[in-house]
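Read-outs: derived from the displayed coordinates by stated rules, not from any lab. Note that the structure is a prediction, hence the values are computed from the model and not measured. As a convention, Cβ positions derive from the backbone with ideal geometry for all residues, glycine included, and neighbour counts pool all protein chains shown.
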């Protein structure tokens with residue numbers, strides 16, 4: 001039931017974001033939102049996920065937290081080894097994803113926690129290190 005509710009809410013959010021070009025759904029709790037468009041690595045179907053993000057120069061930064069779940073989100077696996085597309089407001093662009101590591105990861109993690117403090121709480125839950133994903137223009 002929880003998964004169904006999340007899918008309905010995500011679909012509604014995505015539809016409103018697209019129709020209004022991010023004027024509705026472009027922020028949540030004052031944190032900017034983008035739409036990540038990936039191909040399912042198993043299904044091949046196009047998937048769109050609204051996600052909180054920050055900017056780091058020309059790059060966009062995401063946290064693969066799933067609310068502190070013990071597993072990485074599906075969108076994270078769909079990004080592995082390929083390109084994706086994002087929509088930020090009315091702008092759409094192609095991106096290539098990579099995981100931040102070392103000092104870069106620590107800096108970007110702190111940047112995202114400053115935007116959304118719950119990420120720090122989420123990190124306490126899983127037995128995995130939450131990936132910090134960098135989306136570079138391609």
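With an 8 Å cut-off on Cα pairs and a minimum separation of 6 or more residues, tell me the relative contact order of the stretch 2-137 in percent. Intermediate values should be presented prior to the final figure.
On the way: 227 pairs, mean separation 35.2, N = 136.
So the answer I get is 26 percent.
Taking only C-alpha pairs under 8 Å that are 6+ residues apart, what is the relative contact order of the stretch 13-87 in percent? Don't skip to the answer; put the middle values down first.
Numbers: 99 pairs, mean separation 21.1, N = 75.
That works out to 28 percent.
How high is the relative contact order of the stretch 58-102? Use alpha-carbon pairs under 8 Å, at least six apart in sequence, and give a whole percent.
So the answer I get is 23 percent.
State, to one decimal in nm, how far the label point of residue 39 lies from the label point of residue 83, with both points 7 Å from Cα in the Cβ direction.
1.1
Counting each pair of different Cα atoms once, what's the Kirkwood radius of the stretch 2-137 in Å, rounded to one decimal? Write down the numbers at each step before the final one.
On the way: mean 1/r = 0.0658 Å⁻¹.
Radius from the Kirkwood sum: 15.2 Å.
May I ask for the distance between the Cα centers of the stretch 51-93 and the stretch 101-123, given as a whole number of Å?
14
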